[in-house]
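Novice: Got a structure for you, written out below as structure tokens; questions coming shortly.
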Amino acid sequence: MAATGEREDPAFPVGAACRIDSRSPWRQVAEIPVGLDPEGIAVDVARRRAFVACSRSDFVSVVDLDKHEVVAEIQTGAEPIDIGLDVQTGRVFTADAHSDQVTVIDSATLEVETALPVGGYPSGLTHVPEFRRLYVGNSLGSTMSVIDLDTLETVATVDAEPGAGAIGVDPTRGLVICVNFVAASANFYDAGSFEEVGRLELGTGTCAIGIVPERGEAFIVNSIAGTVSLVDLDAIEVVDETRTGQAPVGLTVAPAHDRIYVTNRGAGTLSVLGVADRQEWSQIPVGNGPGGVVVDPYDGRIFVANAGSQTVSIVEDLLAAKPPAQVVEEASPWLGNKLPSFALEDYRTGERRTNRDWAEKKYILNFFASW
Amino acid sequence: MREGARSGLEVVLVDIWEGTEPRPEVERFCEMWGIKGPILLDPAGELATTLGVRGVPTNVVVDSDGTIRAFGAARLDELEQAIDDLYGRA
């Protein structure tokens, strides 16, 4: 980290245009256009590249991390959502939701090596080098596929629950945790036998997980509930719940394990949450509709896939520790003001609709995207 | 959205940021979730940009005189509170 408390590091000047307040310094390094609906990101530290799963484009964008530009696009199956890189074999894996497969890419040649069939609608994956295993959450299949990272053979298909997706692994306890979006639950398995050893009911829309093994804790994002659950991994119970920004969907643990980063799809921000105090330390603005998030272990920079902007943000979190005051979300300047005039096409009729169609009525404009 | 419908408020969906032709995507989305009611298309996100929308979902609660009373309100409890406030309920 480059700054201590409120003091700014001159190497990273923080201007008024790029901060929320004086207690939450951050720096935007780059925002790089990629394919449509980018979701998962994996960083190749040795080659200084990032691989970005662009689910609506059915390809992986390869980003040069020195030039900050896309240098290749690799075709995958339909709707690659999550992605991971196994350093030992140099293989990149994508969970191709609409093809019910995992595409395997050679990170050196940037060519597809093979595709592995898995369960219905794979939407999350995690690889564990110590176990030489790749775990894939199959949302429609309600299962978890376990694949050998070296032989690429499926060694087990384990029953999970509807919406199985994100997977977390605690190597020290030998626990594999499958998070189920639709069921709003998590299944806990013994990593050796795949026997279920526990189950938790969680908040609505559970969709991401991060593990801090030395504390025996897991952080699980509940997107619709708008919270992060803290789970005691020894007791397998929820011990705390923290609110974040609007519609949190992505999570990663910082390399120092003192904080986690949570993307807020509904707010275009990245929340920094303290691991020990479970408080929100800051919110860093990123692109529109952020989702996947990873940290580059080389320099600690944070990569965020912005589904709405079709970009990847690279930002630096300059907080050395918890700031002296909590960050307060700024209210929209539009509150209390008149809605500006609009004229938009009605999807059902093709007609232009304007404010006048709802004159003298109370109503809600719900901005949404189908991804 | 369920809360909005329950209160008698009309909920107007605005589709943004598809990055591609929105109609097939909206059709698939509506079928999947059984969505009825008006849907407006803002493919370039012009209204969203004007209002400073930076994520989805974002709810903008509009009073009968056109005044914006709540902005964001992605969580159910926030939306319930915004609707209660709109109707002057304690």
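Novice: Any residue at all in the range B:48-58 that is closer than 24 Å to A:VAL286 by Cα and more than 8 Å from chain A (Cβ to nearest Cβ)?
Specialist: Yes, that holds for at least one residue.
Novice: Please work out if B:ALA82 is surrounded by 17 or more Cβ atoms within 10 Å (Cβ to Cβ), facing chain A (nearest Cβ under 7 Å) and under 18 Å from A:ALA331 (Cα atoms).
Specialist: When the stated conditions are applied, B:ALA82 does not pass them.
Novice: With the structure loaded, tell me whether B:THR50 is surrounded by fewer than 16 Cβ atoms within 10 Å (Cβ to Cβ) and at pLDDT 95 or above or whether it fails that test.
Specialist: Working: surrounded by fewer than 16 Cβ atoms within 10 Å (Cβ to Cβ): yes; at pLDDT 95 or above: yes.
Criteria met by B:THR50.
Novice: Same structure, new question: Within the range A:48-86, how many residues turn out to be buried (at least 19 other Cβ atoms within 10 Å of the Cβ), in a loop (DSSP other than H, G, I, E, B) and not small (Gly, Ala, Ser)?
Specialist: Of the residues in the range A:48-86, 5 are buried (at least 19 other Cβ atoms within 10 Å of the Cβ), in a loop (DSSP other than H, G, I, E, B) and not small (Gly, Ala, Ser).
Novice: If I ask for residues that are under 20 Å from A:ILE236 (Cβ atoms), among the aliphatic types (A, V, I, L, M) and surrounded by fewer than 24 Cβ atoms within 10 Å (Cβ to Cβ), which ones from the range A:123-145 would you list?
Specialist: A:VAL128 - this is the single residue of the range A:123-145 that is under 20 Å from A:ILE236 (Cβ atoms), among the aliphatic types (A, V, I, L, M) and surrounded by fewer than 24 Cβ atoms within 10 Å (Cβ to Cβ).
Novice: For A:VAL253, indicate whether it is more than 13 Å from chain B (Cβ to nearest Cβ) and touching a Gly at 6+ places or on another chain (Cβ under 8 Å).
Specialist: Considered against the rule, which asks whether it is more than 13 Å from chain B (Cβ to nearest Cβ) and touching a Gly at 6+ places or on another chain (Cβ under 8 Å), A:VAL253 comes out as yes.
Novice: Is one or more of the residues making up the range A:336-346 more than 7 Å from every other protein chain (Cβ to nearest Cβ) and in contact with a Lys or Arg (Cβ under 7 Å, 6 or more places away or on another chain)?
Specialist: yes
Novice: Could you pull out the residue among A:SER229, A:SER271 that is within 21 Å of A:ILE41 (Cβ to Cβ) and of a type in the set (Ser, Thr, Tyr)?
Specialist: The conditions single out A:SER271.
Novice: Provide a single number: the residues in the range A:73-107 that are within 20 Å of the chain's Cα centre (by Cα) and of a type in the set (Asp, Glu).
Specialist: Final tally of qualifying residues: 4.
Novice: Evaluate the following for A:THR263: is it farther than 15 Å from A:VAL179 by Cβ and within 14 Å of another protein chain (Cβ to nearest Cβ)?
Specialist: Taking the combined requirement at face value, the residue satisfies it.
Novice: Oh, and also: Among the candidates B:GLY4, B:GLY34, B:GLY19, B:GLY66, which residue alone is under 21 Å from A:GLU345 (Cα atoms), within 7 Å of chain A (Cβ to nearest Cβ) and modelled with pLDDT under 95?
Specialist: After ruling out the rest, the residue left standing is B:GLY19.
For (1) in a strand (DSSP E or B); (2) in contact with a Gly (Cβ under 9 Å, 6 or more places away or on another chain), each residue gets a yes or a no:
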residue: A:GLY120; (1), (2): no, yes
residue: A:SER123; (1), (2): yes, yes
residue: A:HIS127; (1), (2): yes, yes
residue: A:TYR135; (1), (2): yes, yes
residue: A:SER145; (1), (2): yes, yes
residue: A:THR151; (1), (2): no, no
residue: A:GLY168; (1), (2): yes, yes
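Novice: So if I check each of B:ALA90, B:ALA82, which one is of a type in the set (A, V, I, L, M) and modelled with pLDDT under 90?
Specialist: Among B:ALA90, B:ALA82, only B:ALA90 is of a type in the set (A, V, I, L, M) and modelled with pLDDT under 90.
Novice: Identify the single condition in (1) under 23 Å from the mean Cα position of the chain (by Cα); (2) more than 25 Å from A:ILE364 (Cα to Cα) that A:GLY308 does not satisfy, given that it satisfies every other one.
Specialist: Of the numbered conditions (1) under 23 Å from the mean Cα position of the chain (by Cα); (2) more than 25 Å from A:ILE364 (Cα to Cα), the odd one out for A:GLY308 is (2).
Novice: Could you check the range A:160-207 and list, in sequence order, the residues that are β-branched (Val, Ile, Thr), within 15 Å of A:VAL249 (Cβ to Cβ) and at pLDDT 95 or above?
Specialist: A:VAL179, A:VAL182, A:THR206
Novice: Right, here's the next one. Out of the residues in the range A:212-249 that are farther than 16 Å from A:GLY198 by Cβ and touching a residue at least 60 places away in the same chain (Cβ under 8 Å), state the one that is farthest from the other protein chains (Cβ to nearest Cβ).
Specialist: Here the residue is A:ARG215.
Novice: May I pose another question? Can you name the strands (runs of 3 or more DSSP E) wholly within the range A:250-361 that have at least 3 residues being surrounded by 18 or more Cβ atoms within 10 Å (Cβ to Cβ) and in contact (Cβ under 8 Å) with a residue 60 or more places away in the chain?
Specialist: Details: elements: A:259-264, A:269-274, A:280-285, A:290-295, A:302-306, A:311-317, A:343-346, A:352-354.
Fully inside the range A:250-361 and qualifying: A:280-285, A:290-295, A:302-306, A:311-317.
Novice: Of these, A:VAL327, A:VAL272, A:VAL286, which one is of a type in the set (A, V, I, L, M, F, W, C), more than 14 Å from chain B (Cβ to nearest Cβ) and within 19 Å of the chain's Cα centre (by Cα)?
Specialist: So the residue among A:VAL327, A:VAL272, A:VAL286 that is of a type in the set (A, V, I, L, M, F, W, C), more than 14 Å from chain B (Cβ to nearest Cβ) and within 19 Å of the chain's Cα centre (by Cα) is A:VAL272.
The values are calculated or read from the model by the stated rules, or taken from the named source; none is laboratory data. Predicted model, so just to flag it, every value in this text is computed and none were measured. Counting neighbours? That spans all protein chains shown, and the Cβs are built from the backbone with ideal geometry, glycine included.
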